[in-house]
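For reference, the structure is listed below as C-alpha coordinates.
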(Lines give C-alpha, C1' and ligand atoms only; values in the text may rest on other atoms or scores of the structure.)
Protein backbone atom coordinates (compact mmCIF):
# COMPACT_ATOMS: atom_id res chain seq x y z
CA UNK A 1 0.00 0.00 0.00
CA UNK A 2 1.41 3.38 -0.91
CA UNK A 3 1.50 6.49 1.30
CA UNK A 4 -2.06 7.39 0.31
CA UNK A 5 -3.46 3.92 1.03
CA UNK A 6 -3.78 2.83 -2.60
CA UNK A 7 -3.08 -0.78 -3.49
CA UNK A 8 0.25 -1.43 -5.15
CA UNK A 9 -0.06 -4.20 -7.71
CA UNK A 10 2.68 -6.55 -8.93
CA UNK A 11 5.13 -5.38 -6.29
CA UNK A 12 8.45 -7.10 -5.80
CA UNK A 13 11.21 -6.66 -3.27
CA UNK A 14 12.68 -3.76 -5.24
CA UNK A 15 9.44 -1.75 -5.22
CA UNK A 16 9.57 1.45 -3.17
CA UNK A 17 8.67 1.44 0.50
CA UNK A 18 7.02 4.35 2.28
CA UNK A 19 8.54 5.47 5.60
CA UNK A 20 6.02 8.35 5.77
CA UNK A 21 3.00 6.07 5.37
CA UNK A 22 -0.42 7.20 6.69
CA UNK A 23 -0.39 4.08 8.85
CA UNK A 24 1.96 4.44 11.80
CA UNK A 25 2.20 0.65 11.98
CA UNK A 26 3.24 0.26 8.34
CA UNK A 27 5.59 3.25 8.58
CA UNK A 28 7.25 1.68 11.65
CA UNK A 29 7.84 -1.54 9.70
CA UNK A 30 9.51 0.38 6.87
CA UNK A 31 11.67 2.39 9.28
CA UNK A 32 12.69 -0.76 11.16
CA UNK A 33 13.66 -2.42 7.89
CA UNK A 34 15.75 0.62 6.89
CA UNK A 35 17.57 0.42 10.25
CA UNK A 36 18.22 -3.30 9.86
CA UNK A 37 19.47 -2.86 6.31
CA UNK A 38 21.74 0.02 7.31
CA UNK A 39 23.55 -2.34 9.72
CA UNK A 40 25.07 -3.93 6.62
CA UNK A 41 27.23 -0.82 6.31
CA UNK A 42 28.96 -1.65 9.61
CA UNK A 43 29.65 -5.30 8.79
CA UNK A 44 26.46 -7.16 9.69
CA UNK A 45 24.79 -9.57 7.27
CA UNK A 46 21.17 -8.48 7.42
CA UNK A 47 18.03 -9.85 5.81
CA UNK A 48 14.50 -8.49 6.00
CA UNK A 49 11.57 -10.89 5.73
CA UNK A 50 8.23 -9.40 4.70
CA UNK A 51 5.36 -11.74 5.54
CA UNK A 52 1.77 -10.58 4.93
CA UNK A 53 -0.99 -11.68 7.35
CA UNK A 54 0.54 -14.39 9.56
CA UNK A 55 -1.82 -17.16 10.63
CA UNK A 56 -1.61 -20.39 12.60
CA UNK A 57 -2.36 -21.71 16.08
CA UNK A 58 -3.37 -18.86 18.38
CA UNK A 59 -3.31 -16.13 15.73
CA UNK A 60 -5.78 -13.22 16.01
CA UNK A 61 -7.82 -14.46 13.04
CA UNK A 62 -8.36 -17.95 14.45
CA UNK A 63 -9.08 -16.56 17.91
CA UNK A 64 -11.36 -13.64 17.03
CA UNK A 65 -13.19 -14.44 13.81
CA UNK A 66 -15.23 -17.48 14.94
CA UNK A 67 -16.72 -15.64 17.92
CA UNK A 68 -17.48 -12.55 15.86
CA UNK A 69 -19.16 -14.68 13.18
CA UNK A 70 -21.12 -16.69 15.75
CA UNK A 71 -22.45 -13.55 17.49
CA UNK A 72 -23.15 -11.57 14.33
CA UNK A 73 -20.41 -8.98 15.00
CA UNK A 74 -18.60 -9.59 11.73
CA UNK A 75 -19.36 -8.14 8.32
CA UNK A 76 -17.27 -8.11 5.19
CA UNK A 77 -16.16 -4.94 3.50
CA UNK A 78 -16.86 -5.16 -0.24
CA UNK A 79 -17.89 -8.82 0.29
CA UNK A 80 -14.26 -9.70 1.05
CA UNK A 81 -13.71 -10.26 -2.67
CA UNK A 82 -10.14 -8.96 -2.80
CA UNK A 83 -6.84 -10.82 -2.91
CA UNK A 84 -5.50 -11.60 0.54
CA UNK A 85 -1.98 -12.98 0.92
CA UNK A 86 -1.15 -14.97 4.04
CA UNK A 87 1.81 -16.76 5.55
CA UNK A 88 1.35 -19.68 7.93
CA UNK A 89 3.57 -19.42 10.99
CA UNK A 90 5.37 -22.65 9.97
CA UNK A 91 6.30 -20.99 6.67
CA UNK A 92 7.58 -17.94 8.56
CA UNK A 93 9.79 -20.25 10.64
CA UNK A 94 11.08 -21.97 7.51
CA UNK A 95 11.84 -18.59 5.91
CA UNK A 96 13.79 -17.51 8.99
CA UNK A 97 15.77 -20.77 8.91
CA UNK A 98 16.49 -20.38 5.18
CA UNK A 99 17.57 -16.77 5.62
CA UNK A 100 19.97 -17.78 8.39
CA UNK A 101 21.45 -20.62 6.33
CA UNK A 102 21.42 -19.18 2.82
CA UNK A 103 20.20 -15.60 3.00
CA UNK A 104 21.98 -13.09 0.85
CA UNK A 105 22.78 -10.16 3.12
CA UNK A 106 21.34 -6.73 2.52
CA UNK A 107 18.16 -7.97 0.85
CA UNK A 108 14.47 -8.04 1.59
CA UNK A 109 12.27 -11.04 0.78
CA UNK A 110 8.51 -11.34 0.49
CA UNK A 111 7.35 -14.60 2.04
CA UNK A 112 3.85 -16.00 1.74
CA UNK A 113 1.77 -19.12 1.35
CA UNK A 114 1.63 -20.56 -2.14
CA UNK A 115 -2.17 -20.60 -2.47
CA UNK A 116 -3.97 -17.56 -3.85
CA UNK A 117 -7.20 -16.64 -2.10
CA UNK A 118 -9.60 -13.83 -1.37
CA UNK A 119 -10.24 -12.48 2.11
CA UNK A 120 -13.69 -14.09 1.88
CA UNK A 121 -12.12 -17.50 1.18
CA UNK A 122 -9.69 -17.02 4.07
CA UNK A 123 -12.53 -16.19 6.49
CA UNK A 124 -14.53 -19.17 5.17
CA UNK A 125 -11.62 -21.52 5.90
CA UNK A 126 -11.26 -20.21 9.48
CA UNK A 127 -15.04 -20.43 9.99
CA UNK A 128 -15.20 -23.98 8.61
CA UNK A 129 -12.68 -25.16 11.21
CA UNK A 130 -15.26 -24.21 13.86
CA UNK A 131 -18.23 -25.57 11.90
CA UNK A 132 -19.48 -22.10 10.97
CA UNK A 133 -20.85 -20.84 7.68
CA UNK A 134 -20.19 -17.42 6.18
CA UNK A 135 -23.08 -17.56 3.70
CA UNK A 136 -25.35 -15.24 5.68
CA UNK A 137 -22.71 -12.74 6.75
CA UNK A 138 -23.38 -9.15 5.85
CA UNK A 139 -21.23 -6.83 3.81
CA UNK A 140 -20.89 -3.10 3.43
CA UNK A 141 -19.20 -0.96 0.82
CA UNK A 142 -15.73 0.31 1.57
CA UNK A 143 -16.85 3.96 1.62
CA UNK A 144 -19.42 3.20 4.36
CA UNK A 145 -16.97 1.21 6.48
CA UNK A 146 -14.44 4.02 6.14
CA UNK A 147 -17.00 6.66 7.21
CA UNK A 148 -18.00 4.56 10.24
CA UNK A 149 -14.33 4.09 11.15
CA UNK A 150 -13.60 7.83 10.95
CA UNK A 151 -16.66 8.64 13.07
CA UNK A 152 -15.87 6.05 15.74
CA UNK A 153 -12.22 7.11 15.86
CA UNK A 154 -13.28 10.70 16.46
CA UNK A 155 -15.65 9.67 19.27
CA UNK A 156 -13.42 7.09 20.98
CA UNK A 157 -10.06 8.77 20.56
CA UNK A 158 -11.11 12.39 20.60
CA UNK A 159 -9.84 12.61 17.03
CA UNK A 160 -6.24 12.34 18.24
CA UNK A 161 -5.51 8.85 16.92
CA UNK A 162 -6.53 6.97 13.83
CA UNK A 163 -7.47 3.56 15.20
CA UNK A 164 -10.32 1.99 13.27
CA UNK A 165 -9.57 3.79 10.04
CA UNK A 166 -6.00 2.53 10.16
CA UNK A 167 -7.25 -1.02 10.73
CA UNK A 168 -9.80 -0.69 7.95
CA UNK A 169 -7.38 0.78 5.44
CA UNK A 170 -4.70 -1.80 6.12
CA UNK A 171 -6.90 -4.90 6.19
CA UNK A 172 -9.65 -4.33 3.63
CA UNK A 173 -7.66 -3.61 0.53
CA UNK A 174 -6.12 -6.14 -1.78
CA UNK A 175 -2.99 -7.76 -0.44
CA UNK A 176 -1.75 -9.51 -3.57
CA UNK A 177 0.73 -12.34 -3.60
CA UNK A 178 4.20 -11.20 -4.53
CA UNK A 179 5.20 -12.12 -8.06
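The values are calculated or read from the model by the stated rules, or taken from the named source; none is laboratory data. Because the structure is predicted, anything quoted here is derived from the model rather than measured. As a convention, Cβ positions derive from the backbone with ideal geometry for all residues, glycine included, and neighbour counts pool all protein chains shown.
Some points to look at:
- Members of segment 78-99 found to be over 15 Å from the mean Cα position of the chain (by Cα), farther than 17 Å from residue 127 by Cα and either in contact (Cβ under 8 Å) with a residue 24 or more places away in the chain or surrounded by 14 or more Cβ atoms within 10 Å (Cβ to Cβ) (or both), listed by number: 78, 90, 91, 95, 96, 98, 99
- Whichever residue in segment 111-164 is buried (at least 18 other Cβ atoms within 10 Å of the Cβ) and at pLDDT below 90 and, among such residues, is farthest from the chain's Cα centre (by Cα): 153
- Hits in segment 95-118 - residues which are assigned to a loop (DSSP other than H, G, I, E, B) and either touching a strand residue (DSSP E or B) at 6+ places or on another chain (Cβ under 7 Å) or under 29 Å from residue 142 (Cβ atoms) (or both): 103, 105, 111, 112, 113, 114, 115, 116, 117
- A residue that is more than 21 Å from residue 129 (Cβ to Cβ) and either in contact with a strand residue (DSSP E or B) (Cβ under 9 Å, 6 or more places away or on another chain) or assigned to a loop (DSSP other than H, G, I, E, B) (or both) cannot be found anywhere in segment 85-94.
- Within segment 103-115, residues that are at positive phi and touching a residue at least 60 places away in the same chain (Cβ under 8 Å) sit with their Cβ atoms under 8 Å from residues that are assigned to a loop (DSSP other than H, G, I, E, B) and surrounded by 12 or more Cβ atoms within 10 Å (Cβ to Cβ), at 6+ positions apart or across chains, in these pairs: 106/45; 106/46.
- Every pair of residues 6+ apart whose Cβ atoms lie under 9 Å, when the first sits in segment 40-59 and is assigned to a loop (DSSP other than H, G, I, E, B) while the second is surrounded by fewer than 12 Cβ atoms within 10 Å (Cβ to Cβ) and modelled with pLDDT of 90 or more: 56/90
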